[in-house]
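A.B. asks: Got a structure here, written out as C-alpha cells. Questions coming.
The values are calculated or read from the model by the stated rules, or taken from the named source; none is laboratory data. Since we're looking at a predicted model, the values are computed, not measured. Here Cβ is always computed from backbone atoms with ideal geometry, including for glycine, and neighbour counts include all displayed protein chains. The accessibility values were calculated without ligands, DNA or RNA, using every heavy atom of the protein model including side chains. Shrake-Rupley method; radii C 1.70, N 1.55, O 1.52, S 1.80 Å.
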Amino acid sequence: TRPIAVACAGFVPFAMMASKQNEFGYEMAIITFPGSGITKPQDLRGKTIAFSSETSNSGYKAPVALLKSQYGMQVGQDYQATFSGKHDNSVMGVVNKDYQAAAVANSVMKRMMARGVAKPEQVVTIYTSQTFPTTGYDYVYNLKPELAAKVKEAFFSFPWDGSALQQEFKSTEPPQEKFIPITFKDNWAVIRDIDAATGVTYQCK
C-alpha cells in the first residue's frame with residue numbers, strides 16, 4: 001500500500017520506528033504448524049498458502065515473488081492462495097491448523113506471541129526473507145511547511161519511556177524505541193523492486 005499512498009494520494013513519508021541503534025524493519029516469514037509435513041519451501045508445492053491481502057507486501061507480494069524467483073513456484077499453478085484478511089488471522093489460522101501454511105510479517109507474529117495469543121511451539125518457520133522497512137508515518141504533500149515541521153518535531157521528540165508505544169513494540173526484534181527520519185526513495189526501494197518483479201503497477205483514480 002505504500003507506493004499507492006505516495007504516488008496517488010501524495011503523501012510524504014518522514015518517520016519510522018527503530019531501535020536506539022537505528023535498527024529497523026521486519027521479515028516476511030512463511031510458517032506452518034508442527035507435524036504438517038512441510039519443512040522447507042519446496043514442500044509447498046500442491047499446498048494452499050494463506051496470504052493476508054493482495055496489496056500486502058509481506059502478506060502476499062514478497063512471498064509470491066520470492067517463491068517464483070528462488071524456487072520456481074508460480075501461484076495458482078504450483079500452489080494455491082487463500083486470503084485471511086490480515087496477518088493476525090493468518091497466524092491464528094496456522095496455530096489452529098486451519099491453514100497448511102501462511103506468509104506473515106514476523107513482527108506481527110512476535111507481538112502476538114509476546115501477548116500470549118499464540119505460542120512459539122505452535123508455529124514452525126520454514127522461510128525468512130531479507131529485512132523490509134516497517135510502518136512509515138507520512139504527511140500530505142501540500143501541508144504547510146511550518147506545520148509539517150511541527151509534525152516532524154512531535155515525532156522526533158516523542159517521549160518513549162513509559163509510553164503505550166514502548167509497551168506494544170518492546171518485544172519486537174529489533175525493539176522499537178524511537179522514531180528515525182526516512183525517505184520513500186531510499187527506504188522503500190526493495191518494495192518497488194518486488195512490485196517490478198511481480199508486474200504490479202498502480203493506477204491513480
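A.B. asks: On a 1.4 Å probe surface of the protein chains, which of Glu121, Glu168, Glu23 comes out largest in accessible area, and what is the full order?
C.D. replies: Reading off the accessible areas and sorting them downward yields Glu121, Glu23, Glu168.
A.B. asks: How charged is the neighbourhood of Glu168? Take every other residue with its Cβ under 11 Å from the Cβ of Glu168, and add Lys/Arg as +1 and Asp/Glu as -1.
C.D. replies: Once all neighbours under 11 Å are counted, the net charge is +3.
A.B. asks: P(r) for region 1-148, please, calculated from all Cα pair distances in 5 Å bins and given in %.
C.D. replies: Whole-percent P(r) values from 0 Å outward: 2, 9, 17, 20, 18, 13, 9, 7, 3, 2, 1, 0.
A.B. asks: Could you compute how much accessible surface Leu165 exposes when probed at 1.4 Å, giving the result in Å² to the nearest 10?
C.D. replies: 50 Å²
A.B. asks: Using a Förster distance of 45 Å, how high is the FRET efficiency between Lys40 and Phe158, based on the Cβ-Cβ distance and rounded to 0.05?
C.D. replies: According to the calculation, E is roughly 0.60.
A.B. asks: While we're on this one: Trypsin sites (Lys or Arg not before Pro), restricted to region 31-135: which are DSSP loop and have at most 11 other Cβ atoms within 10 Å?
C.D. replies: Listed in order of number, the matching sites are Arg115.
A.B. asks: Quick one: what are the phi-derived ³J(HN,Hα) couplings along region 37-42, Karplus 6.51/-1.76/1.60 with θ = phi - 60°, whole Hz, x for glycine and proline?
C.D. replies: x, 9, 10, 8, x, 4
A.B. asks: Roughly what percent of Cα-Cα pairs across region 126-177 reach past 18 Å?
C.D. replies: Result: 52 percent of Cα pairs exceed 18 Å.
A.B. asks: What figure, in Å² to the nearest 10, do you get for the accessible area of Asp138 with a 1.4 Å probe and non-protein molecules left out?
C.D. replies: Approximately 50 Å² of Asp138 is accessible to the 1.4 Å probe.
A.B. asks: If you don't mind, another one. About the Cα centre, and with charges only on the beta carbon of Lys, Arg (+1) and Asp, Glu (-1), how big is the dipole of region 14-163? Nearest 20 debye, please.
C.D. replies: Computed about the Cα centre, the dipole is about 120 debye.
A.B. asks: Oh, and also: Based on C-alpha coordinates, I'd like the Rg and Dmax of region 41-111, in Å.
C.D. replies: Reported Rg and Dmax, both Å: 11.2, 33.
A.B. asks: Over the chain, what is the percentage of antiparallel beta bridges among all DSSP beta bridges, to the nearest 5?
C.D. replies: Just about 75 percent of them are antiparallel.
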